[in-house]
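Asker: Have a look at this one.
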Amino acid sequence: MKFNTIEELLHYTEAIKGKTFKEIDSKHLLENATNLKRNKGILGHVVESGFYKYPINSNPQADFDKIGVELKVTGYKKNKKGEKSAKERVSLSKIDFNKIVNEEYEYSKLIYKNKKILFIW
């Protein structure tokens, strides 16, 4: 699915509210997973392929590269006070430590890919 503006992406994304992962899992990734606890990226794959209809990939570009938006999917938990907190850390990018030392911070692949992030909680 291609979006020309961030507004188009956000408008489309409104439709995910209230849906379960199982409801949007059109590729049946959850049914076919052997160990859900070890496959931490599976919910992201469900959202990418089932809701946004784009193939699962590990491209260094942002997920919605045309508009420069990266998609991150993560869970949350409620603490004893009833406040929401991150269930686990979110990985922004894989870093090649041999190459990153030669990149300028402002123009690094990490910064380019993560300037704008859409979080699905």
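Asker: Here are some pairs, K2/K109; K94/K115; K53/K84; which of them have Cα atoms lying more than 25 Å apart in this structure?
Answerer: Values: K2/K109 22 Å; K94/K115 15 Å; K53/K84 29 Å.
Check vs 25 Å cut-off fails for K53/K84.
Asker: In terms of solvent-accessible area of protein heavy atoms at a 1.4 angstrom probe, what is the ranking of L110, L92, highest value first?
Answerer: Numbers: L110 50, L92 70 Å².
Accessible-area ranking of L110, L92, largest first: L92, L110.
Asker: Next up: What is the set of long-range amide H partners of V73 at a cut-off below 5 Å, with H atoms built 1.01 Å from backbone N?
Answerer: Amide H neighbours of V73: I120.
Asker: Placing one identical point scatterer on every Cα of the chain and ignoring solvent, what is log10 I(q)/I(0) from the Debye formula at q = 0.11, 0.13 Å⁻¹?
Answerer: -0.44, -0.61
Asker: Related question: Hey, with R₀ at 35 Å, roughly what FRET efficiency would K81 and N4 work out to, going by the Cβ-Cβ distance, to 0.05?
Answerer: On the way: r = 42 Å, r/R0 = 1.20.
It comes out at approximately 0.25.
Asker: Percent relative contact order of the chain, based on C-alpha pairs within less than 8 angstrom and at least six residues apart?
Answerer: Details: 125 pairs, mean separation 28.5, N = 121.
Worked out over the chain, it gives 24 percent.
Asker: Mind telling me which of S108, S85, S93 comes out most flexible in a GNM of the chain, alpha-carbon contacts under 10 Å?
Answerer: Result for the chain, Cα springs under 10 Å: S85 fluctuates most.
Asker: Follow-up. Report the label-to-label distance for A33 and W121 in nanometres (one decimal), using points 7 Å from each Cα along the Cα→Cβ vector.
Answerer: In this crude label model, A33 to W121 measures out at 2.0 nm.
Asker: Under the rule of at least 5 residues apart or a separate chain, name every residue whose amide H is placed under 5 Å from the amide H of K116.
Answerer: E70
The values are calculated or read from the model by the stated rules, or taken from the named source; none is laboratory data. Remember, it's a predicted structure, so these values are computed and weren't measured experimentally. Quick reminder, even Gly has a Cβ in these numbers, built from the backbone with ideal geometry, and neighbours come from all protein chains shown. What goes into the accessible areas is simple: the full protein's heavy atoms, side chains included, and nothing from ligands, DNA or RNA. Shrake-Rupley method; radii C 1.70, N 1.55, O 1.52, S 1.80 Å.
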